[in-house]
């Protein structure tokens, strides 16, 4: 896995720049070109989240006997790990907005 690059100037984005991609758009800090997330990377992000949910559901719901708020906290930790560790590496950018097919 590697960080994405700008479609226009091949600028390699930093991990911290990719934590907040709003509405599938990002602006390149070097050339100011608009970057749109490809439909392929949106598809990958959705499918990568499914094993995380299943792992959470199987390990936490069936093995731990704790209260509901603890389940929520553990779920937020799982989601945070996905958001910070996996998601920035799954972005691919293009010059035009693509529909999710």
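Quick note: the coordinates plus some simple rules give every number you see, no bench work behind them. Note that the coordinates shown come from a computational prediction; the quantities given were computed from them, not determined experimentally.
A few comments on the model shown:
- Additional length obtainable on full extension of the chain from residue 20 to residue 57, 0.36 nm per residue less Cα span: 10.7 nm
- Between the helical axis of 39-56 and the longest alpha-carbon principal axis of the chain there is an angle of about 20 degrees.
- Orientation-averaged projection of the chain equals 7.3 nm² [convex hull of Cα atoms, one quarter of hull surface area].
- From helices alone, the chain scores -10500 deg cm²/dmol at 222 nm; the rule is -39500 (n - 2.57) for each run of n ≥ 4 DSSP H residues, then divide by the residue total.
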